[in-house]
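Here is the structure we will look at.
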Amino acid sequence: MARIVVVGAGVGGLATAARLAATGHQVTVLERAGTVGGKLGRYVRDTPAGAFHFDTGPSLLTLPDVFHDLFEATGAKLDEYLDLAPVDPIVRHVFPGGGPALDSCADPAEFAARIGAAFGDRAAADWQRLWRRAARVWQASHRDILRRPIDSPLDLAALAWRLGDLAAIGPGRTLRGLGRRHLSDPRLRMLLDRYATYTGADPRRAPAALVAVPYAELTFGGWYLRGGLGTLADALLTRCLDLGVVVRTDATVTRIDAAGGRVHGVRLRGVTAPIPADVVVANVDALTLYRDLLPSPRRLTGLTDRSLAGFVLLLGLTGDSGLAHHNVFFPGDYDAEFDAVFGHPGRGVRARPAADPTVFVTVADDPVVRPAGHEAWFVLVNAPRHGTATGAVDWRRPGLAEAYADRVLDVLAERGVDVRDRLVFREVRTPADLDDATGAPGGSIYGTAGGLLRPANRGPAHGLWLVGGSSHPGGGLPMVTLSAQIVADDIGPAW
Ligand SMILES: Cc1cc2nc3c(=O)[nH]c(=O)nc-3n(C[C@H](O)[C@H](O)[C@H](O)COP(=O)(O)OP(=O)(O)OC[C@H]3O[C@@H](n4cnc5c(N)ncnc54)[C@H](O)[C@@H]3O)c2cc1C
């Protein structure tokens, strides 16, 4: 039995803690915030009409088996803790120019039929061809990448002989390139491009292998947790506590002691005595770990290509808008949005909030989250990260957040959904707010942007691991939960 400290109570940290405690380790979780869940945040607003409950982060859960596996590995059943509900359509896509919307679903034949009905037979046939390729990429990545540690380019290279399926899509090709090659309809290209943002990347730079992301979503479905996705954080906390994990909130780790190349423990802000540990699992962003928490900061170069961030509006509305659960309103010029959000630091072109962004709106049809006769909207727009660098925006500049919130509501109105006269209240969350709340540097949602090779789970000292969205295999709830599985398996019961 080892003494294990997990730094951070995001989904990755809690899932690792529960798995390790279930194998007999003595586990302590240290979380800087006052609550657990990290980016899986929540916000409640009381009004005279009643309370509105919002998820401030994730709104779509995919790969439910990953979560069933997690609960089972800790000796429990997910259904005893969470109320999973399928979402259909998974996403309603509304394209520029006023043509038909396209509803995605978890039945590939039905989705192809919907594409055919909306955009014609050729578009449907294109999609089905792409789909066959996507299936091979998904199988290869699921088998060889998502469930095992990948520590270096050499590990990826060693897999190359098994990754014929990945090679089949063309090494070095981007997601954009894949769409150009296979999809003749510009609307389907947009739909495919958007999946790059699930890893915080620009589709013009993201690897084509990310076609596995829509494959997983549109094969295994999109899911909601009744009561809000935040109930996952409650469930993981309960599971941890039941297994004897000690969870301390308002506990900021300022340093990981790793003299002599092995971990000895951690230091807490405001506490002189170190907390001893045989193993430390860092659920903080990899950049934070390497820059701030280790005695000799290093390996920053690969960590500075940051993912995009999000600008969030939480809206309390009267009435019923008739929207689907998840809705995407695409802009006329998708590339202009990515140009704005990432800027071109190499050419000195600053990032800026996109004037005409894609707008993602979630409206859960769940009486628990809003008063009768009202709606609780979560609105998400891709945004530059917070900071003063060329590729960032100073989101604390007076007036900027409110002005951009106005702009986003105007954009929605221009796209046919005007809610400005139905507002009970609006709450704005910028990338700077996410940085404050979760310690994600600049509010980047996914750590580094995009690539297949992310910071390794094994850290630079004996007994140190990284878990969560900024490390292997990547961001998003199922990926960080797989990250926890990789780390817990790697540590093993016998440490
Ligand atoms: C707006 C938004 C929308 C999203 N939408 C989706 C979606 O629809 N579907 C989906 O699957 N995913 C979505 N995601 C991504 C998903 O939320 C994340 O990938 C996931 O929650 C990250 O989990 P994590 O384990 O990496 O930890 P994090 O959530 O990053 O948590 C890390 C924890 O470490 C703590 N910490 C940091 N520094 C310290 C320190 N020094 N000491 C102690 N504790 C520390 C933080 O406070 C935090 O609680 C979204 C995220 C955001 C922000």
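Residue under question is Thr438, and the condition is that it be surrounded by 19 or more Cβ atoms within 10 Å (Cβ to Cβ), within 9 Å of the ligand (Cβ to nearest atom) and either modelled with pLDDT of 95 or more or within 25 Å of Ala488 (Cα to Cα) (or both); does it hold? Spelling it out, Thr438 is indeed surrounded by 19 or more Cβ atoms within 10 Å (Cβ to Cβ), within 9 Å of the ligand (Cβ to nearest atom) and either modelled with pLDDT of 95 or more or within 25 Å of Ala488 (Cα to Cα) (or both).
Under the condition of being open to solvent by 10 Å² or more (accessible area, probe 1.4 Å) and not in a helix (DSSP H, G or I), the residues counted in the range 218-241 number 4.
Condition test on Phe311, is it aromatic (Phe, Trp, Tyr) and assigned to a strand (DSSP E or B)? Against the criterion (aromatic (Phe, Trp, Tyr) and assigned to a strand (DSSP E or B)), Phe311 qualifies. Residues in the range 355-373 that are part of a loop (DSSP other than H, G, I, E, B) and touching a strand residue (DSSP E or B) at 6+ places or on another chain (Cβ under 7 Å) were compared, and the one that is surrounded by the fewest Cβ atoms within 10 Å (Cβ to Cβ) is Gly373.
Among the residues of the range 248-262, those that are surrounded by 15 or more Cβ atoms within 10 Å (Cβ to Cβ) and either under 21 Å from Gly37 (Cα atoms) or of a type in the set (Lys, Arg) (or both) comprise Ala251, Thr252, Val253, Arg255. Taking the range 4-121 as the region of interest, the helices (runs of 4 or more DSSP H) fully inside it that hold 1 or more residues being within 12 Å of the ligand (Cβ to nearest atom) and closer than 24 Å to Phe311 by Cβ are 11-22.
When Ala449 is tested against the conditions (1) away from the ligand (no atom under 12 Å from the Cβ); (2) small (Gly, Ala, Ser); (3) open to solvent by less than 20 Å² (accessible area, probe 1.4 Å), the lone failure is (3). Among the residues of the range 474-487, those that are under 14 Å from Ala22 (Cβ atoms) and either within 11 Å of the ligand (Cβ to nearest atom) or open to solvent by less than 10 Å² (accessible area, probe 1.4 Å) (or both) comprise Ala484, Val487. Among the residues of the range 332-349, those identified as open to solvent by 60 Å² or more (accessible area, probe 1.4 Å) and modelled with pLDDT under 95 are Pro345, Gly346, Arg347. Would you be able to tell me the number of residues in the range 47-68 that are surrounded by fewer than 16 Cβ atoms within 10 Å (Cβ to Cβ) and either out of contact with any strand residue (DSSP E or B) (no Cβ under 8 Å at 6 or more places or on another chain) or at positive phi (or both)? Final tally of qualifying residues: 4. When the residues of the range 263-316 are narrowed to those that are open to solvent by less than 10 Å² (accessible area, probe 1.4 Å) and of a type in the set (Ser, Thr, Tyr), which ends up farthest from the ligand (Cβ to nearest atom)? If we take residues in the range 263-316 being open to solvent by less than 10 Å² (accessible area, probe 1.4 Å) and of a type in the set (Ser, Thr, Tyr), then Tyr290 is farthest from the ligand (Cβ to nearest atom).
With respect to the conditions (1) closer than 15 Å to Asp185 by Cβ; (2) open to solvent by less than 20 Å² (accessible area, probe 1.4 Å); (3) of a type in the set (A, V, I, L, M, F, W, C), Ala117 falls short on a single one, namely (2).
In the range 421-450, the residues that are under 21 Å from Met479 (Cβ atoms) reach residues that are within 9 Å of the ligand (Cβ to nearest atom) and among the charged types (D, E, K, R) with C-beta atoms within less than 6 angstrom, at least six apart or across chains, in these pairs: Thr438/Lys39; Ala440/Asp285; Pro441/Asp285; Gly447/Asp285. Inclusion of Ala389 among residues that are open to solvent by 10 Å² or more (accessible area, probe 1.4 Å) and farther than 17 Å from Arg429 by Cα is warranted. Residues in the range 247-268 that are hydrophobic (A, V, I, L, M, F, W, C) and either outside any loop (DSSP other than H, G, I, E, B) or on the phi > 0 side of the Ramachandran plot (or both): Val247, Val253, Ile256, Ala259, Val266, Leu268.
The numbered conditions (1) of a type in the set (A, V, I, L, M, F, W, C); (2) under 19 Å from Gly12 (Cα atoms); (3) under 17 Å from the mean Cα position of the chain (by Cα) are all true for Val245 except (3). It is to be established whether one or more residues within the range 416-431 are away from the ligand (no atom under 12 Å from the Cβ) and assigned to a helix (DSSP H, G or I). No, that holds for no residue.
The values are calculated or read from the model by the stated rules, or taken from the named source; none is laboratory data. These numbers come from a predicted model, not from an experiment. All Cβ positions, even for glycine, are placed from backbone atoms using ideal geometry, and neighbour counts span all protein chains on display. Note: accessible area is taken over every heavy atom of the protein model, side chains too, but ligands, DNA and RNA are not part of it. Shrake-Rupley method; radii C 1.70, N 1.55, O 1.52, S 1.80 Å.
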